[in-house]
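Visitor: Here it is, the structure in full.
The values are calculated or read from the model by the stated rules, or taken from the named source; none is laboratory data. All of these numbers come straight from a predicted model, not from anything done at the bench. Cβ placement follows ideal geometry from the backbone for every residue including glycine, while neighbour counts extend to all protein chains displayed.
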């Protein structure tokens, strides 16, 4: 039984899953949109929203927390200097998921996760 089990395992161990989402989050911040499966996009979206809400307030504590999640100093700088100031007046909903197509190899739904532009 699956009592009190949160999230999707995606067929990976916890360390592989953390690395996957960390890399996808860095790619999302770098390119401001990524293409992935629907399951991965739905799991990544709350993490991205959390990091983007930290970037709205530029202080040392938020930078350290973001650096511990991202582990890439260049992306932390881009997050707080370029992306964060865009969303100061927005109270959430920083990302959007678009459904694109069904992948012919395995039939999984491919989506695009992108940052919302005003």
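Visitor: Mind checking whether some residue in the stretch 61-74 is in contact (Cβ under 8 Å) with a residue 24 or more places away in the chain and touching a strand residue (DSSP E or B) at 6+ places or on another chain (Cβ under 9 Å)?
Guide: no
Visitor: Another question about this same structure. Of the numbered conditions (1) at negative phi; (2) at pLDDT 95 or above, residue 91 satisfies every one except a single condition; which is it?
Guide: (2)
Visitor: Another one. Considering 67, 48, which residue is in a helix (DSSP H, G or I), modelled with pLDDT of 95 or more and farther than 23 Å from residue 110 by Cβ?
Guide: Within the list 67, 48, the selection yields 67.
Visitor: Within the stretch 76-92, restricting attention to residues that are touching a helix residue (DSSP H, G or I) at 6+ places or on another chain (Cβ under 8 Å) and more than 17 Å from residue 60 (Cα to Cα), which residue is surrounded by the fewest Cβ atoms within 10 Å (Cβ to Cβ)?
Guide: 92
Visitor: Taking residue 42 as the residue in question, decide whether it is surrounded by 13 or more Cβ atoms within 10 Å (Cβ to Cβ), over 13 Å from residue 115 (Cα atoms) and in contact (Cβ under 8 Å) with a residue 40 or more places away in the chain.
Guide: Against the criterion (surrounded by 13 or more Cβ atoms within 10 Å (Cβ to Cβ), over 13 Å from residue 115 (Cα atoms) and in contact (Cβ under 8 Å) with a residue 40 or more places away in the chain), residue 42 qualifies.
Visitor: Another one. Could you go through the stretch 86-98 and let me know if any residue there is in a helix (DSSP H, G or I), over 14 Å from the mean Cα position of the chain (by Cα) and farther than 14 Å from residue 116 by Cα.
Guide: No, the conditions are met nowhere in the stretch 86-98.
Visitor: Quick one: how many residues across the stretch 107-118 are over 18 Å from residue 27 (Cβ atoms) and at pLDDT below 95?
Guide: Selection size over the stretch 107-118: 1.
Visitor: Same structure, new question: Please go through the stretch 1-41 and give me each residue that is part of a helix (DSSP H, G or I), in contact with a strand residue (DSSP E or B) (Cβ under 8 Å, 6 or more places away or on another chain) and closer than 23 Å to residue 86 by Cα, ordered by number.
Guide: Residues satisfying the conditions are 24, 27, 28, 41.
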